[in-house]
Structures are given as structure tokens and as C-alpha cells.
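Worksheet for the structure shown next.
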Amino acid sequence: MAKHIWKAGTMLYPLPVAMVSCGTMEKSNIMTAAWTGIINSDPPMTYISVRPERYSYGIIKEAGEFVINLTTERLLWNADFCGVKTGRDRRKFSLPGLTAVKASQLDAPMIAESPVNLECVVDKIMPLGSHDMFVSKIVAVNVNEDLLDAKGVLHLEKAALIVTSHGSYYALGRRLGTFGYSVKKK
């Protein structure tokens, strides 16, 4: 099949739709980030990339912490709104369907309605150009109990998580296999 060459760009999809909460219980904000991912296993580390002019940037830089809240189909409207409107003008936790709860290790609040919350402490900030990358250690993970079975196994497929791809949102679909299925003995 013939290929058409485009200019170099950010064409890696799908991406998570992560709601990033920051600040304190008294003065908080939520931004939506698709530029996030896991960068190390031991210690567990992640990143978010944020434009320096964004309201959350200063809050995260000063506090040195934030929470990545995984986003579900029920949170889609909130995630989109938090991604296009600034926290300079409104308190986003006052939106219907968003409840701030105390994180276990941080001052930053978590979103109660999110099924999984990753508490993150900034390790370093890397200026990259349009965005700065907050390289961070994951210090705690909070999971809704209804996603755990009797043996404590996580069933994340029950969470109705969403992703974004080229400007559109999608629900995660059917499972196609599991890690290592291509070499698994029958």
C-alpha cells in the first residue's frame, strides 16, 4: 500500500483522557491531559506535559504534586469542559458530577467519580518547547472497590474508560487478547 508523507507531528493515537487535579482541597483545579503515560516500572513513574501558560502549570510547579484521574464515559462531558475552559475563571470541582476527595498521600484532591486515581509527586520538570514535561513518581494508586473481585483482582474493563484519537472520544471496546497470548502454551 502506498504511503503519503505528512510533516512530522503528534500522530500517536489513541491517547488517554486523563483529568489531572491539582492544588489543595480549598483551592483546586482540574485540567484534562492526553499527553501522559507510564515511563518507568520501578519506581513507578509517569508524566504529564503542560503548556507553561496554562493555569494548572503554576499550581503543579509550586505544589510539586498532582493526581491523574482516569476518565470514564460518565465523566466525558466534565473531561471535555475541563480541557477547554480555564480554572482562572471558575472552580471546576463545582461542576455537577465532580466531587473533590482527599488523596491518601498528597494535598491535591482526587476526583471521587474517577475509578482510578494516581497520586503523583514531581521529580523533575523538563522544558521541551511548547510544553514542559512533569516527570513524576506515582506514590499511591486508589481503585474503586467495585472493580475488585473477591480475590482482589482488578477488573478495569468494568470502568468504561475512554480514549481520544485525532480529536474524537471513544469508549474502549472488546478485549482482543491478553499480554503474552501469542506465546502462551495451550
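Quick rundown of the values:
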| item | result |
| --- | --- |
| Region 160-186 - residue that is of a type outside the set (A, V, I, L, M, F, W, C) and touching a residue at least 60 places away in the same chain (Cβ under 8 Å) and, of those, nearest to Ile68 (Cα to Cα) | Thr164 |
| Qualifying residue in region 15-35 (condition: without any contact (Cβ under 8 Å) to a residue 60 or more places away in the chain, closer than 14 Å to Cys120 by Cα and not in a helix (DSSP H, G or I)) | yes |
| Leu128 being closer than 26 Å to Ser41 by Cα and surrounded by 15 or more Cβ atoms within 10 Å (Cβ to Cβ) | no |
| Residue satisfying condition, being touching a Phe, Trp or Tyr at 6+ places or on another chain (Cβ under 9 Å) and open to solvent by 30 Å² or more (accessible area, probe 1.4 Å), within set Arg88, Arg74, Arg54 | Arg88 |
| Top-ranked residue in region 91-123 [being of a type in the set (Ser, Thr, Tyr) and part of a loop (DSSP other than H, G, I, E, B); ranked as nearest to Glu65 (Cα to Cα)] | Ser104 |
| Total residues in region 14-38, condition open to solvent by 80 Å² or more (accessible area, probe 1.4 Å) and touching a strand residue (DSSP E or B) at 6+ places or on another chain (Cβ under 8 Å) | 3 |
| Leading residue by the ranking (least open to solvent (accessible area, probe 1.4 Å)) among those in region 96-125 that are among the hydrophobic types (A, V, I, L, M, F, W, C) and in contact with a helix residue (DSSP H, G or I) (Cβ under 6 Å, 6 or more places away or on another chain) | Leu98 |
| Hits in region 61-90 (condition: in contact (Cβ under 8 Å) with a residue 12 or more places away in the chain, among the charged types (D, E, K, R), within 28 Å of Met126 (Cα to Cα) and not in a strand (DSSP E or B)) | Lys61, Asp80, Arg88 |
| Among (1) in a loop (DSSP other than H, G, I, E, B); (2) small (Gly, Ala, Ser); (3) open to solvent by less than 80 Å² (accessible area, probe 1.4 Å), the one test that Ser136 misses | (1) |
| Every pair of residues 6+ apart whose Cβ atoms lie under 6 Å, when the first sits in region 131-159 and is under 26 Å from Ala171 (Cα atoms) while the second is charged (D, E, K, R) and open to solvent by 50 Å² or more (accessible area, probe 1.4 Å) | Leu147/Lys158 |
| Yes/no for Tyr47 being closer than 15 Å to Asp123 by Cα, open to solvent by 40 Å² or more (accessible area, probe 1.4 Å), in contact with a strand residue (DSSP E or B) (Cβ under 7 Å, 6 or more places away or on another chain) and not polar (S, T, N, Q) | yes |
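Each row is one residue, and each column tells you yes or no for (1) modelled with pLDDT of 95 or more; (2) of a type outside the set (D, E, K, R).
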{"position": "Lys137", "(1), (2)": "yes, no"}
{"position": "Leu147", "(1), (2)": "yes, yes"}
{"position": "Lys151", "(1), (2)": "yes, no"}
{"position": "Arg175", "(1), (2)": "no, no"}
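One line per residue, one yes/no per condition, for (1) loosely packed, with under 10 Cβ neighbours inside 10 Å; (2) under 20 Å from Tyr13 (Cβ atoms); (3) basic (Lys, Arg); (4) in contact with a Cys (Cβ under 8 Å, 6 or more places away or on another chain):
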site: Glu145; (1), (2), (3), (4): yes, no, no, no
site: Leu154; (1), (2), (3), (4): no, no, no, no
site: Lys158; (1), (2), (3), (4): no, no, yes, no
site: Leu161; (1), (2), (3), (4): no, yes, no, no
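The values are calculated or read from the model by the stated rules, or taken from the named source; none is laboratory data. Keep in mind that this is a model prediction, so the values were computed, not measured. Methodologically, a virtual Cβ is constructed for each residue, glycine included, from the backbone with ideal geometry; neighbour enumeration extends over all protein chains shown. What goes into the accessible areas is simple: the full protein's heavy atoms, side chains included, and nothing from ligands, DNA or RNA. Shrake-Rupley method; radii C 1.70, N 1.55, O 1.52, S 1.80 Å.
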